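S.K.: Below is a structure I'd like to ask you about.
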Amino acid sequence: MTVAQRLRSADTVERLGAMADVIAPGGCADADVLEALAACLGDARKIIQRRAAETFAALGAQGTSVRDLLLRTLESDVTRQRWGAAYALSLLGDAPPVTLPTFLEALGSDDGDVRWAAGNILARRSGDTALVDALQRLLGTGNPAQRKMAAYCLRDLNARSPAVEHALFAALHDPDPYVRLAAISAIGRLAIDRPTAAQGLIDLLADADASVQRVAAAILGLLGDRSDVVHAALMRASQSADASLARAAERSLRLLA
C-alpha cells in the first residue's frame, strides 16, 4: 500500500504508522498524502485526529507548505474536520483570524476535551479585541456550553472592561448553573464595580444550586468589599446547615478581616 492508502485505512495502527512515516527522514508528503492526512483531521477517533494535526505541524516545521490546505479544510462541511484544521493551524503558530468562528463553535462541543482545548487556544490571544467582543456576544447568545466557556475565556484573557462586566453581571442570572458558576469565577477576577459585583454574589447565596451558593461565598472573600452588607451576608452563610457553604463563608470572612 502507498502512504496515502495507509492513511485512509480503517486500521488505527496502520494510520498512525503512516503518519510517522510521513515525517520521518525521506518521508513522502505529496499532494495525495496531504489530502489523505487532511481527511484524518475529521476522524472520529481522537488519537487519529490529534496525531494528524501534530503531523501537519511537524511538516510545517520541516518546511512543507501545508497552511493553504489547512485553510481550505477549514471550510469543510464536517464539524470535526473544521476543528481538526483549526487545531492544526494553531500548532503551526498563531492561528489566523479566519479560525475564530471554528474555535467559538468548538466552545459549544459535546466533547469536553474539544471545549477546553479551544478555550486554551483562545486564551493565548491576549489583546484581541475582536475575540473579546465575540466572546461577550457568545456569553448572551450561545448554547449553555458556549456561554460557560465564554465566561472562562474572558476571565483567562483578563478582559476587564465595563462592557464585559455588564455581560458577566447578566450571566449571574443565567438559567444554567454551570454558566452562573463560570460568571462568578470571571467576576472574581474582572470586577470593576466591586460593590455591585458583591451584591450580585450575595443574591446567589440563596441560589437554587448549592454549588453556586458555595462558589459565590468563596469569591466574595476575593472581591475585597468589606462593607457591612457583605459581612452580614457572609455571617448568615457561615451559619448554614450546608457545611461546605459554611466553610466557604468562614474563609471569606477571614480574608476580609
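The values are calculated or read from the model by the stated rules, or taken from the named source; none is laboratory data. Predicted model only: the values in this text are computed from it and were never measured. Neighbour counts are summed over all protein chains in view; Cβ atoms, including those assigned to glycine, are modelled from backbone coordinates with ideal geometry. Ligands, DNA and RNA are stripped out before the accessible areas are found, and what is left, the full protein with its side chains, is counted by its heavy atoms. Shrake-Rupley method; radii C 1.70, N 1.55, O 1.52, S 1.80 Å.
S.K.: Residues of region 6-39 being open to solvent by 70 Å² or more (accessible area, probe 1.4 Å), part of a helix (DSSP H, G or I) and free of Cβ contacts under 8 Å to residues at least 12 places away in the same chain, which ones?
M.R.: Matches in region 6-39: V13, A31.
S.K.: Quick check on region 128-141. Is at least one of its residues closer than 21 Å to S185 by Cα and of a type in the set (G, A, S)?
M.R.: yes
S.K.: Within region 1-39, how many residues turn out to be at pLDDT 95 or above, of a type in the set (D, E) and under 16 Å from L69 (Cα atoms)?
M.R.: Looking only at that region, the number is 2.
S.K.: Continuing with this model, one more query. Go through region 71-116 and report how many residues are in contact with a Leu (Cβ under 8 Å, 6 or more places away or on another chain) and in a loop (DSSP other than H, G, I, E, B).
M.R.: 4
S.K.: Right, next: Got a sec? Which of A232, A210, A237 is farther than 28 Å from A163 by Cα, without any contact (Cβ under 8 Å) to a residue 24 or more places away in the chain and aliphatic (A, V, I, L, M)? Even if it seems obvious, please write down each step before you answer.
M.R.: Working: A210 fails: without any contact (Cβ under 8 Å) to a residue 24 or more places away in the chain; A237 fails: without any contact (Cβ under 8 Å) to a residue 24 or more places away in the chain.
Answer to the selection: A232.
S.K.: Residue check: is L89 among the aliphatic types (A, V, I, L, M), closer than 27 Å to A163 by Cβ and open to solvent by less than 30 Å² (accessible area, probe 1.4 Å)?
M.R.: When the stated conditions are applied, L89 does not pass them.
S.K.: Hey, another quick one. If you take the residues in region 71-86 that are more than 16 Å from I48 (Cα to Cα) and among the aliphatic types (A, V, I, L, M), which one is least open to solvent (accessible area, probe 1.4 Å)?
M.R.: L74
S.K.: A further question on this structure: Does T196 meet the test of being among the hydroxyl-bearing types (S, T, Y), over 22 Å from D110 (Cα atoms) and modelled with pLDDT under 95?
M.R.: Judged against the criteria, T196 is not a match.
S.K.: Name the residues in region 96-145 that are in contact with a Lys or Arg (Cβ under 6 Å, 6 or more places away or on another chain) and among the polar types (S, T, N, Q), would you?
M.R.: T102, S109
S.K.: Somewhere in region 184-197, is a residue in contact with a Pro (Cβ under 8 Å, 6 or more places away or on another chain) and among the polar types (S, T, N, Q)?
M.R.: No; the residues of region 184-197 include none that is in contact with a Pro (Cβ under 8 Å, 6 or more places away or on another chain) and among the polar types (S, T, N, Q).
S.K.: Could you please find all residues in region 96-107 being open to solvent by 20 Å² or more (accessible area, probe 1.4 Å) and of a type in the set (A, V, I, L, M, F, W, C)?
M.R.: V98, L100, L104
S.K.: Taking G112, is it free of Cβ contacts under 8 Å to residues at least 12 places away in the same chain and more than 25 Å from A18 (Cα to Cα)? Step through it out loud before you land on a result.
M.R.: Working: free of Cβ contacts under 8 Å to residues at least 12 places away in the same chain: yes; more than 25 Å from A18 (Cα to Cα): yes.
When the stated conditions are applied, G112 passes them.
S.K.: For region 40-70, what are the residues that are surrounded by fewer than 16 Cβ atoms within 10 Å (Cβ to Cβ) and under 22 Å from the mean Cα position of the chain (by Cα)?
M.R.: Of everything in region 40-70, those that are surrounded by fewer than 16 Cβ atoms within 10 Å (Cβ to Cβ) and under 22 Å from the mean Cα position of the chain (by Cα) turn out to be A44, R45, K46, I47, E54.
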